[in-house]
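The next block holds one structure in the form of structure tokens; read it before the comments.
The values are calculated or read from the model by the stated rules, or taken from the named source; none is laboratory data. The model shown is predicted, which means the values in this text are computed figures rather than measured ones. For neighbour counting, all protein chains shown are included, and Cβ atoms are generated from backbone atoms with ideal geometry for every residue, glycine included. For the accessible areas, the whole protein counts, side chains as well, though only heavy atoms, and no ligand, DNA or RNA atoms are used. Shrake-Rupley method; radii C 1.70, N 1.55, O 1.52, S 1.80 Å.
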Amino acid sequence: MKKILLPALAVLTTVSASAAIKVNWPSNPTATLEVVEKPIGQGDAVAQTTMPVGGEYVTTSTGPCQVTISLGDQRVATVYSAAPTENITIDVPEDGVAILSGTPLMDGITQFRLQTTPLENQVGEIQMLAQTDPALAQQKYDDLVAAYQKVFTDYLEGDLSSATATYALLNLEGQQFLDYYSRLTPEAQNSILMPLVERQKAGVEKKLAAEKRTLELQSGTVEAPAFTLLDLNDKPVSLKDFRGKWVVLDFWGAWCRWCIKGFPELKEAYKDAAGKFEVIGIDNRDTPERWKEAVAKYELPWVNVYNPDSPEGLALLENYAVQGFPTKVIIDPQGIIRHVTVGEDPSFFTVLRELIK
């Protein structure tokens, strides 16, 4: 079963145009809130401070900015500010959905949250169901995602000209995102959220291109792109050295929880196959020291190489259409790619056994 995660949890992030922000929290009246302000589309400068519940925070950026308000690990709201005359109020009930008001956009976001919060609350139940009935859990999750997206597509069918429309768009993905993006009016394109929309558009286009590339790679006609990387002893390892063998490329990182979770089953399959295939573990986004420590810690018995964070390293990931970690690629003895699996998916091992038997 796929990892359960709603496609765009931006719904937990509220959007506004505001210069003065006040939080009312009757059940927590003496709390001190953490405030992080970041300009939109103007680099990565960040200002951090605190504010008391019932107090007022006034934005300091000269242009549009994002203000996130939290209490410890709990995010209360994130506000997008533009106009100095706007005043936003966040009323946090003891139970239920926080009510944001002060502008038409805040009212719209609140209506979104009232519809989507009950859907989000079902994720925990689906995760529990996945432990006993993965197929039913996946179906319920797919239905949940469809209902979640419908909240925003229903809105966009009636409004493609406001800042609220651009917020709704941020909660979509894939071709659906691009379809509605192409229909935005010039008024919507003036929204302070458009830098975020444009950034998401670039990510969506990159992901769709990678998905197309993955389908090409799995056509059974594509030769695996060549590469040469250094192993634990700084000796070069080339893919061509393994021609004549079945090979599994495992793109991973020590920082990747799902990569680590998959090691035991991969080690078991590697041992049971008794030399029928070789694994080349390709570490990404680690320092060389952390990579070597992880190889030793998890006792990885196969060939281990390091993919540096460089233009060449990024090109390797693009060549193999790596969209996430782990990604496992099965290559046949003739050097042809036969299968690509993104994420930790038990079905990979079924495919592997069928191919190499």
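Taking every protein chain into account, the 1.4 Å probe leaves Ser27 with about 70 Å² of accessible area, to the nearest ten. So how tilted is helix 257-273 from the main axis of the chain? Cα-based, degrees 0 to 90, rounded to 10. It is inclined by approximately 20 degrees. Ligands, DNA and RNA are left out, and with a 1.4 angstrom probe the accessible area of region 34-155 is 53 Å² per residue. Think of it as helices only: each DSSP H run of n ≥ 4 in the chain is worth -39500 (n - 2.57), and spread over all residues that comes to -12500 deg cm²/dmol at 222 nm. Shape index of region 104-211: Rg/Rh, with Rg the Cα radius of gyration and Rh the Kirkwood radius from the inverse mean 1/r over Cα pairs, equals 1.03.
Find out how many positive minus negative residues lie around Lys212, taking Lys and Arg as positive, Asp and Glu as negative, among other residues whose Cβ is under 15 Å from that of Lys212. Here the count lands on -1. Ligands, DNA and RNA left out, the 1.4 Å accessible surface of the chain is 51% carbon and sulfur atoms. Bridgeable aspartates and glutamates around Lys271 (alpha carbons under 18 Å apart, same-chain partners fewer than 8 residues away excluded): Asp250, Glu299, Glu354. A straight Cα-to-Cα reach below 16 Å connects Lys201 with the aspartates and glutamates Glu173, Asp179, Glu211, residues fewer than 8 places away in its own chain not being considered.
The shape of region 260-357 comes out oblate: with a ≥ b ≥ c from the C-alpha gyration tensor, a/c is at least 1.5 while a/b does not beat b/c. A 1.4 Å probe run over region 266-357, with the rest of the protein chains in place, finds 49 Å² accessible per residue.
Measuring against 23 Å, Cα to Cα, the residue pairs Lys235/Lys261; Lys245/Lys328; Lys212/Lys276 contain Lys235/Lys261; Lys212/Lys276 as the ones spanning a longer distance. To the nearest 10 degrees, how steep is helix 104-120 against the longest Cα principal axis of the chain, on a 0 to 90 scale? Its long axis makes an angle of about 50 degrees. So how tilted is helix 288-297 from the main axis of the chain? Cα-based, degrees 0 to 90, rounded to 10. Here the helix axis deviates by roughly 70 degrees.
Each Lys and Arg contributes +1 and each Asp and Glu -1, all at the Cβ; summed about the Cα centre of region 230-331, the dipole is approximately 280 debye. For region 257-298, backbone nitrogen atoms closer than 16 Å to the point 7 Å from Lys206 Cα along Cα-to-C-beta are found at 285.
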